[in-house]
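The values are calculated or read from the model by the stated rules, or taken from the named source; none is laboratory data. What you see is a predicted model; the values in this text were computed from it and never measured. Cβ placement follows ideal geometry from the backbone for every residue including glycine, while neighbour counts extend to all protein chains displayed. SASA here: full protein model, heavy atoms, side chains in, ligands and nucleic acids out. Shrake-Rupley method; radii C 1.70, N 1.55, O 1.52, S 1.80 Å.
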Amino acid sequence: MRIIAFRTLREFFEKLEYSDSEIPLRAWYHDVKSAEWKNSNELKKQYKNASIVGEGRVVFNIKGNDYRLVVSIDYEFQVVFVRFIGTHKQYDKIDVKTI
């Protein structure tokens, strides 16, 4: 999968208050970059705790569920778009289907 954009993840974990997310986000990035999912069922085999929320959106729990990562996936073109990364409190303020 091609991930757009790592910069969003990096800008998040470079903030002092979120620095504990760097290793888990880098691990997620590495795993997803080498994935070749054809559909959400294949994704769920690798990430059982991921939530498929519709509109091509998937929510990943990062660092033991301390953070939420929302992505949009185009399985046909093998592209993952990072839409949001934040704490649960921040996540609760967004509409995951439109962000």
So VAL70, is it touching a residue at least 40 places away in the same chain (Cβ under 8 Å) and assigned to a strand (DSSP E or B): no
The range 31-50, subset basic (Lys, Arg) and touching a residue at least 12 places away in the same chain (Cβ under 8 Å), residue surrounded by the fewest Cβ atoms within 10 Å (Cβ to Cβ): LYS38
Neighbours by Cβ (under 7 Å, 6+ apart or cross-chain): first from the range 80-99, more than 21 Å from TRP37 (Cβ to Cβ); second outside any strand (DSSP E or B) and modelled with pLDDT under 95: none
Tabulated pairs, the range 1-16, first more than 16 Å from ARG68 (Cβ to Cβ), second open to solvent by 50 Å² or more (accessible area, probe 1.4 Å) and small (Gly, Ala, Ser), C-beta under 9 angstrom, 6+ apart or interchain: MET1/SER34
Residue satisfying condition, being within 13 Å of the chain's Cα centre (by Cα) and surrounded by 15 or more Cβ atoms within 10 Å (Cβ to Cβ), within set VAL70, VAL53: VAL70
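Suppose the filter is acidic (Asp, Glu) and within 14 Å of the chain's Cα centre (by Cα); does GLU22 pass it?
Numbers: acidic (Asp, Glu): yes; within 14 Å of the chain's Cα centre (by Cα): yes.
Yes.
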Of residues in the range 77-92 being modelled with pLDDT of 95 or more and assigned to a loop (DSSP other than H, G, I, E, B), the one farthest from TYR29 (Cα to Cα): PHE77
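Test TRP28 against the criterion of being of a type in the set (Phe, Trp, Tyr), surrounded by 18 or more Cβ atoms within 10 Å (Cβ to Cβ) and part of a helix (DSSP H, G or I), and give yes or no.
On the way: of a type in the set (Phe, Trp, Tyr): yes; surrounded by 18 or more Cβ atoms within 10 Å (Cβ to Cβ): yes; part of a helix (DSSP H, G or I): yes.
For TRP28, the condition - of a type in the set (Phe, Trp, Tyr), surrounded by 18 or more Cβ atoms within 10 Å (Cβ to Cβ) and part of a helix (DSSP H, G or I) - is met.
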Within the range 1-18, considering residues that are part of a helix (DSSP H, G or I) and open to solvent by 60 Å² or more (accessible area, probe 1.4 Å), the one nearest to ILE73 (Cα to Cα): ARG7
